[in-house]
Amino acid sequence: EKGGFDHFMLKEIHEQPKAYRDTMLGRIDEKTHKVVFPNLNMTPEYIRSIRQIHIVACGTAYHAGLVGGSVIEQLIRVPVSFEVASEYRYRNPIITPDTLVIVVSQSGETADTLAGLREAQANGAHVLAITNVVGSSIARDANDVIATLAGPEIAVASTKAYTSQIIAFNLLGLYMADIRGTMEASEIAHVIAAMQSLPEQVESLLAQSESIKAYAEHISKHEHLFFIGRGLDYAVAMEGSLKLKEISYIHSEAYAAGELKHGTLALIEEGIPVIALATQDALLEKTVSNIKEVKARGAEVMAITYEEHVADLMRSVDQVFAIPKTLPLLMPALSVVPLQLLAYYASLALGHDVDKPRNLAKSVTVE
Ligand code: BG6
């Protein structure tokens with residue numbers, strides 16, 4: 001049942017190329033090079049009327065929302081806010097009929113997320129669910145559903161569901177951008193072509209698992225580490241940090257790279273590992289100066305960037321892991337993969353139960 005892999009998590013990490021393809025399947029019109037969602041209830045008029053978007057989710061699905069919502073905000077220029085589901089309805093959120101609420105849930109059964117959905121509907125919002133389980137409570141109650149076609153996810157730590165959610169968000173962003181006229185047809189076609197290359201690029205990343213494994217064994221001897229990044233790299237840093245904590249129990253913090261010096265820099269001491277995500281061209285120089293700040297305090301830095309920048313970064317860090325190049329807004333779909341492998345191999349090195357970490361359940365149906 002594990003298809004030759006030692007754990008479900010590793011199997012699911014390796015299923016990502018297929019999950020990406022399946023999530024895109026039937027949603028890209030090969031003739032027009034546009035995104036199609038034939039089953040959505042949202043009309044073009046409604047899509048044009050949206051004035052704000054709330055993204056509501058928990059855990060890893062929330063992290064996918066951070067990436068996906070930022071992408072949508074860039075593509076359609078509508079303000080997006082990100083809401084941890086267990087907080088959302090208790091803070092009396094401002095929900096109007098022109099608020100699109102997107103709930104994200106692998107299982108579709110998370111009680112907190114379901115409660116957020118109900119709060120939004122009670123206030124007249126249209127709720128779109130991005131979920132991996134089409135027969136779930138959240139899928140049933142939502143006004144619209146975009147299914148991620150990742151297949152069943154067994155390991156408690158979510159991997160292929162997260163990346164499929166990112167793919168779904170990108171598709172949705174392109175779909176709405178077309179209807180709202182915020183992107184040219186040629187720009188949409190350009191992003192679609194880049195998305196279609198992602199599965200192969202993930203395959204090439206997976207082929208480099210051994211080098212991540214060696215780094216994970218090194219990390220497993222540490223008690224604390226940091227993940228830093230800016231923009232989408234920061235969102236991915238948060239997911240990388242969560243993944244590592246969930247299954248290896250190594251403490252880590254994800255920090256917006258520019259925010260370190262406003263507080264936490266004091267915790268950077270000699271030898272502390274810092275994983276720096278540096279995949280966003282426009283922010284690269286700034287990230288490199290943050291890398292220098294931690295290096296100056298003795299941190300041991302591993303940078304994740306794409307081939308073109310490896311030589312450059314090698315001058316400021318201890319180690320570089322190269323990922324294939326794609327458009328900046330699609331980078332999270334690649335850069336998270338080494339972080340998933342890192343968490344997996346660190347947990348393995350420490351002898352933990354990778355698929356069933358302590359104190360965590362796959363889906364939590366109590367609030
Ligand atoms: C948590 C799980 O309880 O719920 C996480 O342990 C998960 O792995 C989170 O990300 C949200 O779950 P779902 O099914 O709503 O995406």
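Here the contact order of segment 254-367, divided by its residue count and restricted to Cα pairs under 8 Å and six or more residues apart, works out to 20 percent. Per residue, the convex hull spanned by the Cα atoms of segment 116-173 measures out at 86 cubic angstrom.
Scalar couplings 3J(HN,Hα) for segment 241-255, obtained by applying the Karplus form with A = 6.51, B = -1.76, C = 1.60 to θ = phi - 60°, are 5, 4, 4, 5, 5, 4, 10, 9, 6, 7, 6, 8, 10, 9, 10 Hz; x denotes Gly and Pro.
Ratio of Rg to Rh for the chain, alpha carbon only, Kirkwood? Rg/Rh: 0.96.
Sequentially through segment 98-107, phi angles give Karplus couplings (6.51, -1.76, 1.60; θ = phi - 60°) of 9, 9, 8, 9, 10, 9, 10, 7, 4, 6 Hz, Gly and Pro residues having no value and appearing as x.
Ordering Met9, Met183, Met314 from the fewest to the most neighbouring beta carbons within 10 Å gives Met314, Met183, Met9. Taking amide H atoms as placed 1.01 Å from N in the peptide plane, the amide H of Ile102 lies under 5 Å from those of His54, Ile55, Val56, Leu128, each 5 or more residues away in sequence or on another chain.
Work out how much length Arg297 to His251 would gain on full extension: take 0.36 nm times their residue separation and subtract the Cα-Cα distance, in nm to one decimal.
That works out to 14.6 nm of additional length.
Close amide H partners of Ile146, meaning residues 5 or more places away or on another chain with modelled amide H under 5 Å apart, are Ala129, Ile130, Thr131. Of all aspartates and glutamates in the structure, those lying under 15 Å Cα to Cα from Lys261, and not within fewer than 8 positions of it along the same chain, are Glu253, Glu269, Glu293.
Based on C-alpha pairs under 8 angstrom that are at least 6 apart in sequence, the chain has a relative contact order of 19 percent.
Any read-out appearing in this document is the output of simple, stated calculations on the displayed coordinates, not a laboratory observation. All figures in this text were calculated on a predicted structure; none of them were measured in a lab. Heads up, the Cβs are rebuilt from the backbone with ideal geometry, glycines too, and the neighbour counts pull from every protein chain shown.
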